[in-house]
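Structure first, commentary second.
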Amino acid sequence: MGEVAVTALNGVDFAVERGEFVAIMGPSGSGKSTLLHLLGGLDSPTSGEVILAGQALSQLSDDQITRFRRQKIGFIFQFYNLLPTLTAAENVVLPLLIDGRPAAEYKARLQVLLSLVGLEDRASHLPDQLSGGQQQRVAIARAFINDPEIVLADEPTGNLDSRSGKSILDLLRKACRELEATIIIVTHDPSAASYADRVVFLKDGQIVHHLNNGAEGISVNKIVEVMASLEL
């Protein structure tokens, strides 16, 4: 920033297993979004390495990393990022068209995903004909259309009321189980983080704690307790 060097992340080192659901928490400025951007190949680290599905991202050219990201990574954003002139179904298959693949070959997967997110009867609706929760469901189906290695979600419930947010988190948990999906979400909400198998806490660009799923899951109270102890 000008002549001032800002270290967004410092020595962050962790692994996510296939099929794992991980939540990343931390205060504003802790490095959560930077970490997500690095994992998704949207930014490059000044040092260190991001390895996804056995591929070191630093070894890819800009064109290769764009293609890799399109084919291997699904993204879910806080504000849905749907194209307003496309129907729900067309928004879901858009990544296939951008990648030059015929959407007709993915009709079966489209139907599976629309069924998973409960929007079979809304496939022909435009985004402005859908509620916020339904639009986020479209975005989730779109993130999974390419059968990605990992899905990254940035505050996926941040723009929703509590009821819609819960349904989205239930859906992500279901996708993790039924599609054997690997999911990382960034969230500031302990309730959202409680759906994960593991919570990673960031502070000042460093990982300061891991909270693993026990026999009874990760409770909201436990997350709040850890946040208080770490002064997050």
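The values are calculated or read from the model by the stated rules, or taken from the named source; none is laboratory data. The structure presented is a predicted model; accordingly, all values stated were derived computationally and were not measured. Cβ sites come from the backbone with ideal geometry, for glycine too, and all protein chains shown count toward neighbours.
Here are the numbers:
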| item | result |
| --- | --- |
| Test result for Ser58, closer than 30 Å to Leu211 by Cα, assigned to a helix (DSSP H, G or I) and either of a type outside the set (S, T, N, Q) or without any contact (Cβ under 8 Å) to a residue 40 or more places away in the chain (or both) | yes |
| Residue list for the range 67-83, restricted to those being among the aliphatic types (A, V, I, L, M), under 23 Å from Ser124 (Cβ atoms) and crowded, with 20+ Cβ neighbours inside 10 Å | Ile76, Leu82 |
| Elements of type helices (runs of 4 or more DSSP H) contained in the range 132-225, each with 3 or more residues being at negative phi, of a type outside the set (Phe, Trp, Tyr) and modelled with pLDDT under 90 | 162-178 |
| Single residue of Gly2, Gly48, Gly19, Gly31 found to be in contact with a Ser or Thr (Cβ under 8 Å, 6 or more places away or on another chain) and either over 28 Å from Gln134 (Cα atoms) or surrounded by fewer than 17 Cβ atoms within 10 Å (Cβ to Cβ) (or both) | Gly19 |
| Pick from the range 173-206, criterion within 15 Å of the chain's Cα centre (by Cα) and of a type in the set (Asp, Glu), ranking: nearest to Thr7 (Cα to Cα) | Asp189 |
| Residues (of a type in the set (Lys, Arg) and either out of contact with any helix residue (DSSP H, G or I) (no Cβ under 6 Å at 6 or more places or on another chain) or outside any helix (DSSP H, G or I) (or both)) located in the range 80-127 | Arg101, Lys107, Arg109 |
| Filter pass, Leu86 being surrounded by 12 or more Cβ atoms within 10 Å (Cβ to Cβ), at pLDDT 90 or above and under 20 Å from the mean Cα position of the chain (by Cα) | no |
